[in-house]
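To start, the structure under review is shown below, and the notes come after it.
Readers should treat all values here as calculations from the given coordinates under stated rules, not as data from a laboratory. Since this is a predicted model, take the numbers as computed values, not measurements. Don't worry about glycine lacking a Cβ; one is built from the backbone with ideal geometry, like all the others, and counts go over all protein chains shown.
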Amino acid sequence: MQKITQKWTGLASHLFAGSVLLTVLFAAFPAHAEDNLGQINIALKQMCPLTTITADRMGVNNVRCIATLHKDKLQTSDASANAPITTTYKDGSLSCGMGAHIAWGMAEGLAGQETKGIVQKQFSSGEKFFVYHVEAKKDGIHLLLLSDVYDDARFYGELKVQFPKNSQPSSEDALRLLSEVVTLEDSGHDAAAAPADVQPAPVTPPQFADVPPPPPPVDTPPPEPKTIAKGQTKQQVQEVLGVPQKVVRMPPKEIDYYSDMKVIFVHGVVTDVQ
């Protein structure tokens with residue numbers, strides 16, 4: 001009985017020591033992972049300050065971070081959607097599978113909206129987006145992207161750059177992975193302000209020579225009055241007055257009405273003008 005007790009005591013001590021070791025190892029890994037995530041987020045913030053947009057995602061307030069896409073098949077929805085649909089970059093390509101659509105549908109359902117009424121658009125390599133949120137999480141780098149205006153609508157979506165499974169990359173490796181799918185640029189760098197001590201050159205107003213006034217306009221003689229004589233044919237009358245506004249026929253008599261007169265024909269010849 002004493003030997004059995006000693007064996008159990010020894011086994012318990014080994015199990016306790018092993019559990020302590022595992023606890024130390026598992027406690028150390030998250031700390032390392034969190035440290036890497038912090039470094040990645042700092043690097044992302046320094047690389048590209050975020051673009052600010054309006055609450056309805058239809059306007060852009062201050063353009064800063066711009067993303068240029070390097071892969072095809074980035075799935076987005078129009079700005080009316082309450083939640084962004086997620087496209088994942090993994091193993092060199094973008095994908096938005098059934099799981100992503102189900103998760104998106106559940107998020108829209110919780111907000112009281114159905115996905116079937118939301119317009120979706122797929123973007124290809126070379127297209128550009130405003131970046132208004134970016135964050136490194138345990139599973140990868142998450143970016144919220146907003147498109148330019150297409151047919152009076154903007155489109156947005158989430159791009160997740162997935163980290164390798166069971167691995168927490170360094171900030172350098174994470175940014176290298178990100179660069180495979182997008183390039184981030186700060187558009188604000190192109191609008192650097194001029195140094196304060198540099199004054200713009202004075203602008204000299206242009207000098208114009210004195211121009212004599214134009215001569216007075218030449219009096220234009222009034223047009224000759226339109227005259228119609230008895231005995232003229234209908235063709236001769238229309239050459240002077242044009243086509244009448246109204247014609248009343250009472251054979252052999254005809255009356256042609258103009259804006260300021262009426263011409264009476266009998267047998268096609270002018271007999272009276274009133």
Open item on the list: Only counting other Cβ atoms within 10 Å, I'd like Y132, Y257, Y89 sorted with the fewest neighbours first.
Closed with: Y257, Y132, Y89
Task: Gap separating the Cα centres of the stretch 202-251 and the stretch 93-114, nearest whole Å - done: 72
TODO: Quick one: work out Rg over Rh on the C-alpha atoms of the stretch 59-141, Rh as Kirkwood radius.
DONE: 0.96
Task: Bins of 10 Å from zero: percent of alpha-carbon pairs in the stretch 14-188 - done: 9, 34, 32, 15, 6, 3, 0
TODO: Would you mind computing, in nm to one decimal, how far apart the modelled labels at V247 and N61 are, each placed 7 Å from Cα along Cα→Cβ?
DONE: 7.3
Open item on the list: Using the Karplus curve 6.51 cos²θ - 1.76 cosθ + 1.60 with θ = phi - 60°, what ³J(HN,Hα) values do you get for each residue of the stretch 68-75, in whole Hz, with x for Gly and Pro?
Closed with: 9, 7, 10, 10, 8, 6, 8, 8
Open item on the list: Quick one: 3J(HN,Hα) in Hz for the stretch 108-118, Karplus 6.51/-1.76/1.60 with θ = phi - 60°, rounded, Gly and Pro as x.
Closed with: 5, x, 5, 8, x, 10, 9, 6, 5, x, 9
- [ ] Please give the contour-minus-distance gain from H101 to V119: 0.36 nm per residue of separation, less the Cα-Cα distance, rounded to one decimal in nm.
- [x] 5.1 nm
Open item on the list: To make sure I understand, if each residue's beta carbon is the centre and we count other beta carbons within 10 Å, what order do L69, L178 fall in, fewest to most?
Closed with: L69, L178
Open item on the list: Based only on other Cβ atoms within 10 Å, what is the fewest-to-most ordering of D186, D91?
Closed with: D91, D186
Open item on the list: Beyond a 23 Å Cα-Cα separation, which of these cross-linked pairs lie in this structure: K45/K121; K90/K116; K71/K160; K234/K262; K71/K128?
Closed with: K45/K121; K90/K116
